[in-house]
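**Student:** This is the structure I want to talk about, given as structure tokens.
Just so it is clear, none of the values below were taken in a lab; they were calculated from the coordinates. Keep in mind that this is a model prediction, so the values were computed, not measured. We place every Cβ from the backbone using ideal geometry, glycine too, and count neighbours over all the protein chains shown.
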Amino acid sequence: MKYEEYRLKVRELEQEYQIKKIELQREYIRANNPYKAGDKVTDHIGSIIIEKIGYALTSTGEPCATYTGIELKKDGQPKKNGDRRTVWQSNLV
């Protein structure tokens, strides 16, 4: 085996590891996510109605769901301007 072959195989292993790591993170998030599209969630800024659920890592490296949707007024109705924002699962109240 030549050095170039070795480097190629190591690179392939690292890519495979990254793919499996991302799959594991998503599996963890799905298993620990109690919300679905259409639910209302609230963080320290305000509330939204979930339209889309994403995946992210917190600053500590823990996998975390992100919820994107329309902002709600204090009475629970969508804001007239239609603003959207993202709420992190780790920031939910």
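**Student:** Answer with yes or no whether L57 is buried (at least 17 other Cβ atoms within 10 Å of the Cβ) and not polar (S, T, N, Q).
**Tutor:** no
**Student:** For segment 22-40, name all the residues that are of a type outside the set (A, V, I, L, M) and either more than 20 Å from the chain's Cα centre (by Cα) or loosely packed, with under 10 Cβ neighbours inside 10 Å (or both).
**Tutor:** First pass over segment 22-40, keeping only residues of a type outside the set (A, V, I, L, M): 23, 25-28, 30, 32-36, 38-40.
Hits for segment 22-40 are P34, K36, G38.
**Student:** Specify the residue that is surrounded by the fewest Cβ atoms within 10 Å (Cβ to Cβ); the eligible residues are those in segment 65-93 that are touching a Phe, Trp or Tyr at 6+ places or on another chain (Cβ under 9 Å) and hydroxyl-bearing (S, T, Y). Step through it out loud before you land on a result.
**Tutor:** We begin by selecting, within segment 65-93, every residue touching a Phe, Trp or Tyr at 6+ places or on another chain (Cβ under 9 Å); these are 65-67, 86-89, 92.
Next, only the ones that are hydroxyl-bearing (S, T, Y) stay: 66-67, 86.
Working: T66: 17, Y67: 26, T86: 14.
Selected residue: T86.
**Student:** Residues in segment 24-33: is at least one touching a Leu at 6+ places or on another chain (Cβ under 9 Å) and assigned to a helix (DSSP H, G or I)? Can you show your working first?
**Tutor:** Looking only at segment 24-33, we keep the residues that are touching a Leu at 6+ places or on another chain (Cβ under 9 Å), and these are 25.
Next cut, assigned to a helix (DSSP H, G or I) only: 25.
There is at least one residue in segment 24-33 that is touching a Leu at 6+ places or on another chain (Cβ under 9 Å) and assigned to a helix (DSSP H, G or I).
**Student:** For segment 6-59, name all the residues that are touching a Lys or Arg at 6+ places or on another chain (Cβ under 9 Å) and among the charged types (D, E, K, R).
**Tutor:** Matches in segment 6-59: E51 only.
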